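See structure below.
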Amino acid sequence: MFYEYLVKTFRYDNPFTFSEIVYPSYSRFQISRGLRKLCEEKKIVRFEKGMYYIPNIRKHGISIFRPIKVVEKKFIKDGEHVFGYYSGKYLQYELGISKLKPAIIEIYTNVESRDLHKVSLGNYQISLRKPRIKIDQFNAKVLCFLELMNGIEIETLDEYKRKLIADYINENRITQRQITKYIPYFPDKTCRNLIESEVIYSVTQ
């Protein structure tokens, strides 16, 4: 029953933490013991201390778990709670602007208080930075967009890449009002790139 509860609550291949588990009539000790038993039976995988996922066991083998989900849960988004976003070369790669997957994932996140903190998670090398302003579900997309414009090299933009950026603007409903509110937190280069790239013309009022 405990295993069925975990599957129903967290589903397959989604990371979850020990602290998130609330099982009726089970003490924290019983939950810990139950997790340990399920790990021994290989029904649950312990990704790192306090972080688990449930592999989907199929006829043709076990489903492939994407560790990037753990990165996102810890540093970017947990359910509806948004507290980070990708930046730098990894953001350009995620949007399709760059075809080269960088060795380091760059993230701005509320959970970091230092200008730069490098960590390892699984096979990932991650550079964490404290946010320019507190990140939430309402400003994360526009902050991410401004980060993109701050880091991009204008001379590398062609019509296809400009369209990708325009699509991001439209999909996330980024407005000039939002940009005006948050651009003071970014270097002057961000504003210059917005204008020189002509990306600004894709932004609605």
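Could you run through region 115-138 and say how many residues are part of a loop (DSSP other than H, G, I, E, B) and without any contact (Cβ under 8 Å) to a residue 12 or more places away in the chain? Quick ask: steps written out before the conclusion?
Here is the first cut: in region 115-138, the residues part of a loop (DSSP other than H, G, I, E, B) are 115-116, 122-123, 130-138.
Next, only the ones that are without any contact (Cβ under 8 Å) to a residue 12 or more places away in the chain stay: 138.
Of the residues in that region, 1 qualify.
Here are some residues: F47, F10. Which one is open to solvent by 50 Å² or more (accessible area, probe 1.4 Å) and touching a residue at least 24 places away in the same chain (Cβ under 8 Å)?
Working: F10 fails: open to solvent by 50 Å² or more (accessible area, probe 1.4 Å).
The conditions single out F47.
Output the number of residues of region 24-42 satisfying the condition of being of a type outside the set (G, A, S) and surrounded by 15 or more Cβ atoms within 10 Å (Cβ to Cβ). I'd like the intermediate steps shown before the answer.
Kept after step one, since they are of a type outside the set (G, A, S), are these residues of region 24-42: 24, 26, 28-31, 33, 35-42.
Now narrow it down to the ones that are surrounded by 15 or more Cβ atoms within 10 Å (Cβ to Cβ): 26, 31, 35, 38.
So the count comes out to 4.
In region 104-131, which residues are within 13 Å of the chain's Cα centre (by Cα) and farther than 16 Å from Y90 by Cα?
N110, V111, listed by residue number.
Looking only at region 151-205, which residues are open to solvent by 70 Å² or more (accessible area, probe 1.4 Å), under 22 Å from D136 (Cα atoms) and in a helix (DSSP H, G or I)?
If the condition is that a residue be open to solvent by 70 Å² or more (accessible area, probe 1.4 Å), under 22 Å from D136 (Cα atoms) and in a helix (DSSP H, G or I), then N170, E171, R177, T180, K181, P184, Y185 are the ones that fit.
Does L38 meet the test of being on the phi < 0 side of the Ramachandran plot and over 27 Å from the mean Cα position of the chain (by Cα)? Explain how you work it out, then say what you get.
Values: on the phi < 0 side of the Ramachandran plot: yes; over 27 Å from the mean Cα position of the chain (by Cα): yes.
Taking the combined requirement at face value, the residue satisfies it.
Filtering region 104-138 down to residues that are under 18 Å from I174 (Cα atoms) and of a type in the set (A, V, I, L, M), which residue is surrounded by the most Cβ atoms within 10 Å (Cβ to Cβ)?
It comes out as I135.
Open to solvent by 90 Å² or more (accessible area, probe 1.4 Å) and either among the acidic types (D, E) or over 20 Å from H81 (Cβ atoms) (or both): which single residue out of K101, K141 fits that description?
Working: K141 fails: either among the acidic types (D, E) or over 20 Å from H81 (Cβ atoms) (or both).
Exactly one of K101, K141 is open to solvent by 90 Å² or more (accessible area, probe 1.4 Å) and either among the acidic types (D, E) or over 20 Å from H81 (Cβ atoms) (or both), namely K101.
Can you find even one residue in region 54-68 that is surrounded by 13 or more Cβ atoms within 10 Å (Cβ to Cβ), of a type in the set (A, V, I, L, M) and under 28 Å from D167 (Cα atoms)?
Checked against the condition, which is being surrounded by 13 or more Cβ atoms within 10 Å (Cβ to Cβ), of a type in the set (A, V, I, L, M) and under 28 Å from D167 (Cα atoms), region 54-68 yields at least one hit.
Mind listing just one residue for me: the one in region 18-32 that is outside any helix (DSSP H, G or I) and among the aliphatic types (A, V, I, L, M) and, of those, farthest from G122 (Cα to Cα)?
Filtering region 18-32 for residues outside any helix (DSSP H, G or I) gives 21-27.
Then drop every residue that is not among the aliphatic types (A, V, I, L, M), which leaves 21-22.
Numbers: I21: 23, V22: 27 Å.
The qualifying residue farthest from G122 (Cα to Cα) is V22.
Among the residues of region 131-180, how many are in contact with a strand residue (DSSP E or B) (Cβ under 9 Å, 6 or more places away or on another chain), of a type in the set (G, A, S) and closer than 20 Å to R192 by Cβ?
1
May I ask you to say which residue of K73, K101 is in contact (Cβ under 8 Å) with a residue 12 or more places away in the chain and at negative phi? Steps first, please.
Details: K101 fails: in contact (Cβ under 8 Å) with a residue 12 or more places away in the chain.
One residue alone meets the criteria, K73.
The values are calculated or read from the model by the stated rules, or taken from the named source; none is laboratory data. Small disclaimer: the values here were computed from a predicted structure and weren't measured. A quick note on method: Cβ atoms are made from the backbone with ideal geometry, for glycine too, and the neighbour counts reach across all protein chains shown. SASA here: full protein model, heavy atoms, side chains in, ligands and nucleic acids out. Shrake-Rupley method; radii C 1.70, N 1.55, O 1.52, S 1.80 Å.
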